[in-house]
Protein chains: 2
Amino acid sequence: MPATKNAISLVDSVSGRIVDLVRASHLDRLPTERFMSAQFGVSRGVIREATKRLELQGMLEIRQGSGMKVVDKLHKPLSSAVHLRVPDEKTRLVQLTEVRLALEPEQARLAAERATKADLKRLQDCHQRFTLCEDLETQVLADMEFHCLIAEASRNEVSSLLMQSLSDLLQSSLSHGYRRVTKDLAVDDHGKVLAAIVDRNGDAAAKAMRDHLTHARFDLGLQPKPRRTVKA
Amino acid sequence: MPATKNAISLVDSVSGRIVDLVRASHLDRLPTERFMSAQFGVSRGVIREATKRLELQGMLEIRQGSGMKVVDKLHKPLSSAVHLRVPDEKTRLVQLTEVRLALEPEQARLAAERATKADLKRLQDCHQRFTLCEDLETQVLADMEFHCLIAEASRNEVSSLLMQSLSDLLQSSLSHGYRRVTKDLAVDDHGKVLAAIVDRNGDAAAKAMRDHLTHARFDLGLQPKPRRTVKA
DNA sequence: GGCATGAATTGGTAGGACCAATTTTATACG
DNA sequence: CGTATAAAATTGGTCCTACCAATTCATGCC
């Protein structure tokens with residue numbers, strides 16, 4: 001903790017205690033600031049700073065007049081970090097797509113190996129929703145949901161967290177006119193990914209996902225950077 | 001912003017203004033809380049909450065009595081999110097390694113295509129440092145630095161941000177006795193990755209990195225999950 | 001029972017006081 | 001003049017009280 005050499009600040013201590021409380025109690029709402037201030041024996045200011053920290057970390061949603069709700073949106077911090085690091089939307093989309101091309105074929109491969117029946121059901125339901133939906137906003141949501149479900153089916157929580165963050169970032173960009181209307185190709189591609197997962201064929205799932213993302217990149221008007229031909 | 005329906009909170013507004021200030025001025029230190037409170041016309045409490053947010057986002061380091069230093073550690077939030085989501089260290093390491101197996105070969109491939117002369121020099125210097133170092137802590141640092149430099153050389157900032165976060169998380173685990181002493185193999189593997197990057201051979205770089213990470217996984221005693229043989 | 005209004009509750013903000021850690025300044029000594 | 005030490009100033013951390021803004025709950029009316 002850079003703030004002190006040895007002593008831990010009250011805000012640090014209290015935020016840790018709130019995390020423990022949330023984990024131990026499975027509450028869906030936290031007590032009020034005033035109550036916790038009395039219970040923990042600290043000022044309301046310290047509670048505020050601690051709870052604001054947890055809000056930023058995606059663990060709480062805080063509403064004036066309404067209280068604090070416990071949520072699980074731990075992917076939020078990455079979304080904002082990426083936003084801060086790469087403020088330009090086009091650049092960000094290019095880079096996110098490259099990262100997806102690395103990550104998602106492996107997610108699909110692992111999903112083919114690890115998906116439960118419930119995972120497959122969710123994927124199939126989502127695919128059907130995507131196939132049938134008409135408006136752009138619902139398309140974007142179903143499209144991203146399909147990808148997040150695959151990440152979940154891979155049984156890798158870090159990967160899933162990354163995918164949720166990427167999904168948030170992508171939804172913003174895709175809703176801003178970066179999407180051309182080629183839903184039918186995406187539906188076809190998703191179908192191939194899903195079929196390979198259902199067949200437990202990891203290689204096919206990875207290839208189908210790679211093909212899909214390559215199509216999506218073209219669809220979004222994002223060309224890969226030209227290959228360098230000069231030696232160092 | 002869940003806190004209000006339409007109005008943006010002062011903390012939100014002020015934190016945005018501080019980000020703009022940091023970006024516009026290239027200051028390495030921020031003015032004091034009291035000064036900003038007067039300048040922005042808000043209470044010190046609001047400044048505190050705003051600056052604490054930026055500290056958590058990896059943009060500031062705050063020290064009592066000393067002031068606020070502007071830093072660029074935007075990867076920090078992901079590190080803590082992963083820590084919150086996957087508290088068990090062994091599980092986390094398994095999952096991080098899987099993510100690395102997806103991400104890093106592509107980073108190496110792109111680095112082979114995009115690395116500048118300066119990138120290559122840094123990689124070579126780092127590799128030499130790794131080769132010559134003796135103590136475990138320096139090994140871990142040089143090892144992770146090599147990987148982060150490759151991510152930087154890929155010219156993808158999102159990827160680089162991810163790698164920095166993964167590196168932080170890994171350093172913690174690797175320093176806790178998860179590492180067996182097989183530095184020579186890692187030096188050999190890094191050498192192969194570097195040679196492929198220098199040769200501008202993306203495929204070879206990706207393969208060398210995949211091989212390296214496979215070795216590292218074995219080295220760390222992390223076995224892949226058994227393949228499922230049952231159809232859905 | 002549904003709707004409108006007022007009261008209570010809960011988070012948001014302001015400001016002043018005081019404490020704790022760091023930096024700067026002043027003083028003493030060789 | 002240079003160095004070490006102490007004191008003062010500065011800067012972040014915490015506490016308290018008061019008041020504002022948004023939401024929820026209770027009450028009254030039709």
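The values are calculated or read from the model by the stated rules, or taken from the named source; none is laboratory data. These figures come from a predicted structure and were not determined experimentally. Every residue, glycine among them, receives a Cβ derived from its backbone with ideal geometry; neighbour counts consider all protein chains shown. Remember, those area values only see protein heavy atoms, side chains included, never the ligands or the DNA or RNA. Shrake-Rupley method; radii C 1.70, N 1.55, O 1.52, S 1.80 Å.
Just name the residue that is nearest to DNA strand D (Cβ to nearest atom) out of those in the range A:34-61 that are within 10 Å of chain B (Cβ to nearest Cβ) and not in a helix (DSSP H, G or I). Within the range A:34-61, the match that is nearest to DNA strand D (Cβ to nearest atom) is A:GLU61. Do we find a residue being closer than 20 Å to B:HIS75 by Cβ, away from chain A (no Cβ under 14 Å) and exposed (fewer than 15 other Cβ atoms within 10 Å of the Cβ) anywhere in the range B:179-193? The answer is no, given that none of the residues of the range B:179-193 is closer than 20 Å to B:HIS75 by Cβ, away from chain A (no Cβ under 14 Å) and exposed (fewer than 15 other Cβ atoms within 10 Å of the Cβ). Quick check: is even one residue across the range A:87-109 within 12 Å of DNA strand D (Cβ to nearest atom) and either of a type in the set (A, V, I, L, M) or not in a helix (DSSP H, G or I) (or both)? Checked the range A:87-109: no residue is within 12 Å of DNA strand D (Cβ to nearest atom) and either of a type in the set (A, V, I, L, M) or not in a helix (DSSP H, G or I) (or both). Only residues that are of a type in the set (Gly, Ala, Ser) and either on the phi > 0 side of the Ramachandran plot or modelled with pLDDT under 95 (or both) were counted across the range A:195-232, and they come to 3.
Just a yes or no: is a residue in the range A:113-129 within 30 Å of A:PRO87 (Cα to Cα), under 19 Å from the mean Cα position of the chain (by Cα) and open to solvent by less than 40 Å² (accessible area, probe 1.4 Å)? Checked the range A:113-129: no residue is within 30 Å of A:PRO87 (Cα to Cα), under 19 Å from the mean Cα position of the chain (by Cα) and open to solvent by less than 40 Å² (accessible area, probe 1.4 Å). Residue selection: B:GLN39 fails the criterion of being within 14 Å of the chain's Cα centre (by Cα) and not assigned by TED's automatic domain parsing to the domain that holds B:SER160.
In the range B:63-78, of all residues being at pLDDT 90 or above and buried (at least 18 other Cβ atoms within 10 Å of the Cβ), the one that is farthest from DNA strand D (Cβ to nearest atom) corresponds to B:VAL70. Within the range A:43-55, the set of residues being surrounded by 18 or more Cβ atoms within 10 Å (Cβ to Cβ) and of a type outside the set (Lys, Arg) comprises A:VAL46, A:ILE47, A:GLU49, A:ALA50, A:THR51, A:LEU54, A:GLU55. For the range B:4-33, the candidate set comprises residues that are within 16 Å of A:LEU56 (Cα to Cα) and open to solvent by 20 Å² or more (accessible area, probe 1.4 Å); within that set, the residue that is farthest from DNA strand D (Cβ to nearest atom) is B:GLY16. A:LEU110 satisfies every condition listed in (1) open to solvent by 50 Å² or more (accessible area, probe 1.4 Å); (2) of a type outside the set (S, T, N, Q); (3) over 27 Å from B:ASP20 (Cα atoms) except (1). Within the range B:63-77, if we keep just the residues that are within 11 Å of DNA strand C (Cβ to nearest atom) and outside any loop (DSSP other than H, G, I, E, B), the residue that is farthest from the chain's Cα centre (by Cα) turns out to be B:GLY67. Within the range A:3-42, the residues that satisfy the criterion of being among the hydroxyl-bearing types (Ser, Thr, Tyr) and at pLDDT 90 or above are A:SER9, A:SER13, A:SER15, A:THR32, A:SER37. Would you check which residues across the range B:75-123 are within 7 Å of chain A (Cβ to nearest Cβ) and polar (S, T, N, Q) and list them? Selection gives B:SER80, B:GLN95.
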